[in-house]
Each structure stands twice: as structure tokens, then as C-alpha cells.
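The structure appears below as C-alpha cells.
Please treat every number below as a calculation from the coordinates, not as lab data. Predicted model, so just to flag it, every value in this text is computed and none were measured. No Cβ is skipped: glycine too gets one built from the backbone with ideal geometry, and neighbour counts run over all protein chains shown.
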């Protein structure tokens, strides 16, 4: 009989709660997750499927060419989350570049070391903290990192601090978590990090102001073009309720990503009401009970979370792709992965006007209010029928791959 994972059971129980109750408990959840993961990191034993740390060192690390860079990704998100995000993509791209990448995890059931992709291993043992000569990658969303830990890593190697999201309670879950992450950013800018990386221009400018004597690299998010253009994905069987909904509308406007507090729910409802001839589909996990805020209209379908491996089959059915972030700092400072993923699908993209990382591309349509967003969606639907437009956005996808981002990352380390 398989062993029950209490962490996974608790996580499932939380997400089974009613949306309003989840929203009230969101901050408390973040604190409990942090405490639980800290304990898991110290207690998780190696399973029969994992290599012991000593064996991994002897068989992999000690046998590598001395020129090969070893990177340790400090805990951010579990590898097996529904939404594949920047840490996983960057880890795999750096692995393809020949680096050895050790992705620390506490929620994937890994006690020792487990191969997950070429040159990429999941590590669930605290023994890794004694590793010498590695590059330690600390994200601004790091769930277990602290200034003291960054200082300790610098004694054994080098530290990269990646500023990938505006630090806000809407993202982090509680004011206590916000203060912890702000302290981490301050320490990185004050000398505890050797390299500073920002994923958006607004974040780049912020780091540059906080650390004027340090070089800051701007490395936006990217796309695994092959994943979104693999013909096998298109053959995936889609649920009847999605297929039936698709068949009722000539134009389908779609979004995939977190259904989270930073979406512009009021505007999404107005659009659905004013454009009844358009179908709107939202795909993604419910963060903080926000699925209950989605429009309640006959022309709106919420599919919940969809596995990343079959996501392209759904998104290929979209005629227009939508990123409806609410106006504000989060919108201005976010580099959405889905922008480039939409490009790889040769789809037109509509965003809200303050999404600067998106509107920097002339091919992206935008609106600041109901009339301009309606016009943008209609114009995007027309553009999507034009071969020259589809070729242009596919070219943008090919210019913004994760492999190119990994090369920029390695260039930072070579400086």
C-alpha cells in the first residue's frame, strides 16, 4: 500500500474548501506551508527511487568536467505543479546548455536525488547545503530562503538573486510573507548576492536604483516553442463540455494561467456581457478562491486547472488569447510566460493597457477600458486570420525561447 503524504493531503484539503473560506485563510496557509516545508526538508528520507546524496556526489558531481557549472535552485515551487513556471523552464534550459542543475524541492516526494530532465535533478535532502563551488539561484518568491542562508551560500559559492514578481500580498499571501521577501530583496541588493536578475523592465529599474553599484541583468520570461507546436498535443482528446462550448461560437477568446487576485474580474464580466457572440474560456488553478469571481454568463466557460502536457491542445482552439491583468503595479511589472506561449501558437494576444512587458510588442493588442478592449478583441480576431500576422508572432516566439534566456543567464555568470 503506498505511503500517504500528509503534506499532499493537507494541500488537497485546503483546495477543497469553499472559495470564500480559502480566500480568508490564504495568508495563514502561506505561513503553515513555510513551516511544513522547512520540517519536510529536514526529515524526508531517500526512497528506493532516489539516489542517496553521497552516491550522487560520487557518480555525478565528482566525475564531471571541472568547467561544468553546477546550479542549485533554492525552493520556490514544487516541480510537479499544474502551471509550469519560470524556475522549471530555466532549470531545463540550463540543463540543455550542459549545466548540472539541482532543483531543491520539499513537495514532490523526493528524499534523495532524482533525475527529472537531461542534466536536471530534483533534490530533497538538506545535505546539499554543504555543496562547495555551486551557483545558488534564489528567486524573489523563494519559500524557504533568508538573508542568513544567502550569506552562507556565498561562503561556499556564488549567489544569483532573481526578481521575478512584484512583492505584493496579492501574490505572496500575507503581509508577514511580504516582509520576509522584502528583507530577502534588500539583503540581495546590499551585497549578499553576486548577481541580480530581473524578469521585467520595471523590476530591472527597481533593482538598479536599490543597487546602483551592481550590474543588473534584464532576462524576461520565454517559451518552449516545441512544446506548443508538437502535433501530438493537438491529438489530445478534449472534454465534451469544452468541445461543445467551442462549437457554439465563431470566435473563442481564451486565457490560461492562474485565476488569481490580479485579474481584472469586473472588466472580464463587462466584456462577456457586451460581447455575447464571443465565447470566453478561462483555464487555470483557482488561487485564493478567485474562480468565484469569474463572469457568470452563458458565454463564459471555466475549465479549472489543465495539465501542462495537454494545454496546447486547448489553447490551439482559441481564436484570440487574453491576458486581463487588473491595472496596477503587478500588471506593469509582470513578464507573462503565456505571452510567448500564445505567440508560439500563432495566436493574436489582447492585454490590458498597463501590461508594459506585453505592449512593448507592436503585434500585441491592448485596451484600457471597456470600449478599447472590445475594439482590441475584434481587431485581434481579424488579425489572427492573416497569414502574415501569424508568421510575425511565431517569429517573436522563436526570438524569445528559454534556450536563449539560458544563454543570457550564463553570460551573466561569465562576467
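Summary of computed values
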read-out: Length gained when the stretch residue 415-residue 68 is fully extended (0.36 nm per residue, less Cα-Cα span); value: 123.3 nm
read-out: Cα long-axis angle, helix 19-43 against the chain (0 to 90 degrees, to the nearest 10); value: 20
read-out: Ranked packing of 291-298, 248-255, most packed first, by mean Cβ within 10 Å; value: 248-255, 291-298
read-out: Angle in degrees between helix 387-398 and the longest Cα principal axis of the chain, rounded to the nearest 10; value: 10
read-out: Extension gain from residue 398 to residue 310, taking 0.36 nm per residue of separation minus the Cα-Cα distance; value: 29.6 nm
read-out: Sorted largest first, extent of the chain alpha carbons per principal axis (Å); value: 61, 51, 42
read-out: Theoretical FRET efficiency, 1/(1+(r/R0)^6), r = Cβ-Cβ of residue 81 and residue 183, R0 25 Å, to 0.05; value: 0.50
read-out: Percent of Cα pairs exceeding the 24 Å cut-off, where the set is the stretch 225-398; value: 30
read-out: Helix 201-210 vs. the chain, principal-axis angle (Cα, 0 to 90°, nearest 10); value: 40
read-out: Inter-site label distance for residue 230 and residue 218 at 7 Å from Cα along Cβ, in nm; value: 3.3
read-out: Computed lengthening from residue 146 to residue 97, 0.36 nm per intervening residue step minus Cα-Cα distance; value: 14.8 nm
read-out: Translational diffusion of the stretch 153-235, µm² s⁻¹ [Kirkwood Rh, Cα pairs; Stokes-Einstein; 37 °C; 0.692 mPa s]; value: 224
